[in-house]
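Here the structure is laid out as structure tokens; the discussion comes afterwards.
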Amino acid sequence: MLSFNRTGVSHTVFYLLGIPGLEDQHLWISIPFFISYVTALLGNSLLIFLILTRRSLHEPMFLFLCMLAGADIVLSTCTVPQALAIFWFRAGEISLDRCISQFFIIHCIFISESGLLLVMAFDRYVAICYPLRYTTILTHTLIGKIGVTIFLRSYCTIFPIVFLLKRLTFCRNNVLPHTYCEHIGLAKYACNDIRVNIWYGLFVIVSTVVLDVLLIFVSYMLILRAVFHMPSQDARHKALNTCGSHVCIIILFYGPAIFTTLTQRFGRHIPAHIHILLANVCVLVPPMLNPVIYGIKTKAIREQVAHLFFPKQK
């Protein structure tokens, strides 16, 4: 290792293995990947189309949902086609620059989606606690500014990691047991000290995702307090029902991510392929199910879908 480090040899090409230990099952594993990807593309594209073309869906909640659907499409497209290429054609070769670019997009989108879920919690808080001022508080101009802020936050927090990776010398193994590139998974193959990468990565998670979760929790505590002070049971039920879809998506987004993190930290005896499969659940399941959940639980979207496909039965 030291000789490689001294001579400055560094890998510029890496090979993604897919699901290590299950190479013989890659063709079968590709089926749920492909179905999930097609479902995510169709479902989220339909959601974006409906929200952008139907004036009745130009409310703040649906505009934030439109941003989330767009982020889901980018996240799926950045990861699943690469995985399918590995499963079908064993095309796992990837350059260092492309690997870093993929990591950058994945992490930016993940933090952006976390920010959107926080803003959607704030949206529900305003809608329930200040219903008469809902549209005057959350104007289209403010929604646009919020969207830009969410993107800039994710970009500015992830961008330094690009330089932290670029400074490393990758003189160890260049075979990555994964379907996509991620920060520490790539950094651990460097000969340099990666403590800065580890600590900065932890800082990013705490200052974005963890903070978002805490603020979402506070928002829902305030929402529940307001709901339980409502005079009638029907009003309480209607208020809670408007939050149902958002709560489902929060669980769907953070649940697999938290479970995956815990298994990576404490599940040292869990087989490697389980870790990789769980990591893929985080990028497969939410984009696929988000439009389904909102389509089933939101009456306005159900009506627009029915009108689109069955115009005479409106």
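Out of the residues in the stretch 64-109 that are part of a strand (DSSP E or B) and open to solvent by 10 Å² or more (accessible area, probe 1.4 Å), which is nearest to Ser10 (Cα to Cα)?
Among those that are part of a strand (DSSP E or B) and open to solvent by 10 Å² or more (accessible area, probe 1.4 Å), it is Ser95.
Mind checking which residues of the stretch 189-214 are over 16 Å from Val162 (Cβ atoms) and surrounded by fewer than 14 Cβ atoms within 10 Å (Cβ to Cβ)?
Residues satisfying the conditions are Asp193, Arg195, Trp199, Leu202, Val206, Ser207, Val210, Leu214.
Name the residues in the stretch 172-188 that are open to solvent by 20 Å² or more (accessible area, probe 1.4 Å) and assigned to a helix (DSSP H, G or I), would you?
Correct list: Ile184 only.
Of a type outside the set (S, T, N, Q) and touching a Ser or Thr at 6+ places or on another chain (Cβ under 6 Å): which single residue out of Val209, Val227 fits that description?
Unique residue meeting the criteria: Val209.
If I ask for residues that are in contact with a strand residue (DSSP E or B) (Cβ under 7 Å, 6 or more places away or on another chain), among the aliphatic types (A, V, I, L, M) and open to solvent by 50 Å² or more (accessible area, probe 1.4 Å), which ones from the stretch 14-47 would you list?
Within the stretch 14-47, just Leu17 meets the criteria.
Please determine whether any residue of the stretch 189-201 is without any contact (Cβ under 8 Å) to a residue 12 or more places away in the chain and within 24 Å of Ile111 (Cα to Cα).
yes
Report, by residue number, each residue of the stretch 223-239 that is surrounded by fewer than 16 Cβ atoms within 10 Å (Cβ to Cβ) and of a type in the set (A, V, I, L, M).
Answer for the stretch 223-239, where residues must be surrounded by fewer than 16 Cβ atoms within 10 Å (Cβ to Cβ) and of a type in the set (A, V, I, L, M): Leu224, Ala226, Met230, Ala235.
Among the residues of the stretch 275-294, is there at least one that is under 23 Å from Leu46 (Cβ atoms), open to solvent by 30 Å² or more (accessible area, probe 1.4 Å) and not in a helix (DSSP H, G or I)?
So far as the stretch 275-294 goes, no, none of its residues is under 23 Å from Leu46 (Cβ atoms), open to solvent by 30 Å² or more (accessible area, probe 1.4 Å) and not in a helix (DSSP H, G or I).
Between Leu41, Leu52, which is assigned to a helix (DSSP H, G or I), in contact with a Ser or Thr (Cβ under 8 Å, 6 or more places away or on another chain) and hydrophobic (A, V, I, L, M, F, W, C)? Don't jump to the end; show me each part of the working.
Working: Leu52 fails: in contact with a Ser or Thr (Cβ under 8 Å, 6 or more places away or on another chain).
Answer to the selection: Leu41.
Residues in the stretch 138-145: is at least one of a type in the set (A, V, I, L, M, F, W, C), farther than 20 Å from Leu65 by Cβ, open to solvent by 50 Å² or more (accessible area, probe 1.4 Å) and without any contact (Cβ under 8 Å) to a residue 40 or more places away in the chain?
no
The values are calculated or read from the model by the stated rules, or taken from the named source; none is laboratory data. These numbers come from a predicted model, not from an experiment. For neighbour counting, all protein chains shown are included, and Cβ atoms are generated from backbone atoms with ideal geometry for every residue, glycine included. In case anyone asks, the SASA skips ligands and DNA or RNA and just uses the protein heavy atoms, side chains included. Shrake-Rupley method; radii C 1.70, N 1.55, O 1.52, S 1.80 Å.
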